[in-house]
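The values are calculated or read from the model by the stated rules, or taken from the named source; none is laboratory data. Since the structure is predicted, the reported quantities are computational estimates derived from the model, not experimental observations. For neighbour counting, all protein chains shown are included, and Cβ atoms are generated from backbone atoms with ideal geometry for every residue, glycine included. With ligands, DNA and RNA removed, areas are computed over all heavy atoms of the protein, side chains included. Shrake-Rupley method; radii C 1.70, N 1.55, O 1.52, S 1.80 Å.
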Amino acid sequence: MASPPPFTTGTVTLVNGSKAIVGTGTGWKINGVRGGLMTVEVAGANTLVLASVDDDTHATAATKWMGPSGTYAYAISMVSADAADTIWASRHWSRVVGQALLAGIVPVASGTLAERDALDPQPANGEWFAHAEPPADLTFYRKVPAGWEGPYGFRGDRGPGGVGSSGLGLPTPGAAGNIPVFSAPNTVVLRAILGTVSHAGGIPTGALMEAGNNANGLYARWANGWQVCIGARVLAQNMQISYLGGFRGQGLHMVQLPASFVDAASYQVAMVSGGPNEGQVFGWVENRANRNAGYFQPMPLAVTSQTEGARYLQFVAAGRWF
């Protein structure tokens, strides 16, 4: 069988030290040129391996042009171009089979986008189509009632539709600080690691973790419903009422938390004293009857102190925000 003739239509413009190839009257794409070896008719030329053919008049070489800049006649070996096409198909489909990335996915057809639209009979919802159009990376589409969903990239480090080297079906990589999660069966979305947490019926819909502060203290909130609040208060107390062998203050203090919990029964508070003018205060008595989701009411407790002064309260509250 005779070898196919080289492709020689038009001319090419090359710049010394550049990989860019610009054609004039070449028509590479429309004539099915996908790669190959290009030789140029000029003294001091080096053979160029076509890394990609972008359109009818633009291509990129695998190595730089080291000959003189100018416009020249050329020839592309179509034998090597066909070999490159075969290698492309073999490399991509062997990854599909060898790595079992298509477990549970059965493509019903492959080819160009135009061939996909012309399929007869039309694939049923949920069936997959493999878009194989060299030299682009292999991509996949899934049939849905509204049309075709995709593309889902085969290689996550190239093109849309993948995260990671085997990210088939995952969303296009977004901004830093996001991770893919299942928002519903067979539906993957990107969620922020840090941000505002939220939920719908107990199902997380926002970020995975939230942290903040305000005049009432600091808080950390997680998407699974747990929350921790910390803070401090300075309370003036007259420690002159006998209580359990010591003394307590005259009144309760309403302390507001930096973030609310579900209700009064959904969290616990640990309180300690410390700081300046603490005297001999060693504990706090809390009035649980008057506590609600956003407040608690402590009362200072002392051993011997009967003096009035600033009492420093530190607290940690932990429980559920939903």
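Determine the order of 288, 320, 221 by accessible area, beginning with the largest, at a probe radius of 1.4 Å.
Working: 288 120, 320 75, 221 40 Å².
The residues order as 288, 320, 221, largest area first.
When the alpha carbon coordinates of segment 180-279 are projected onto the principal axes, the ranges are 65, 26, 17 Å, largest first. Of all lysines in the structure, those lying under 26 Å Cα to Cα from residue 19, and not within fewer than 8 positions of it along the same chain, are 29, 64. Straightening the chain between residue 295 and residue 316 buys 6.3 nm, computed as 0.36 nm per residue apart minus the Cα-Cα spacing.
Amide H contacts under 5 Å for residue 283: 301, restricted to partners 5 or more places along the chain or on a different chain, H placed in the peptide plane at 1.01 Å from N.
Within the shell of other residues whose beta carbon sits under 11 angstrom from the beta carbon of residue 254, the net charge comes to +2, with Lys and Arg scored +1 and Asp and Glu -1. Here the 3J(HN,Hα) profile of segment 221-226, calculated from phi with Karplus coefficients 6.51, -1.76 and 1.60 at θ = phi - 60°, is 10, 10, 5, 7, x, 8 Hz, Gly and Pro shown as x.
Legend: calculated FRET efficiency, residue 124 to residue 22, from the Cβ-Cβ distance at R0 = 41 Å, rounded to 0.05, equals 0.35.
Sorting check: for 290-297, 66-73, which peptide has the highest mean count of neighbouring beta carbons within 10 Å, and how do the rest follow? Before the final figure, lay out each step's value.
On the way: 290-297: 16.6, 66-73: 13.2.
Order by mean packing, descending: 290-297, 66-73.
With the simple spin-label model, which puts each label point 7 Å out from Cα in the Cβ direction, the residue 13 to residue 240 separation comes to 9.8 nm.
Starting from the residue with the highest accessible area, list 247, 140 in decreasing order, probe 1.4 Å.
Working: 247 35, 140 0 Å².
Largest to smallest exposure gives the sequence 247, 140.
Protection proxy ranking of 190-197, 28-35, by the mean of other Cβ atoms within 10 Å over each peptide's residues and highest first, is 28-35, 190-197. Each Lys or Arg adds one and each Asp or Glu subtracts one; over the other residues with Cβ under 12 Å from the Cβ of residue 149, this totals +1.
When all protein chains stay in place and ligands, DNA and RNA are ignored, the 1.4 Å accessible-area order of 38, 78, 209, largest first, is 209, 78, 38.
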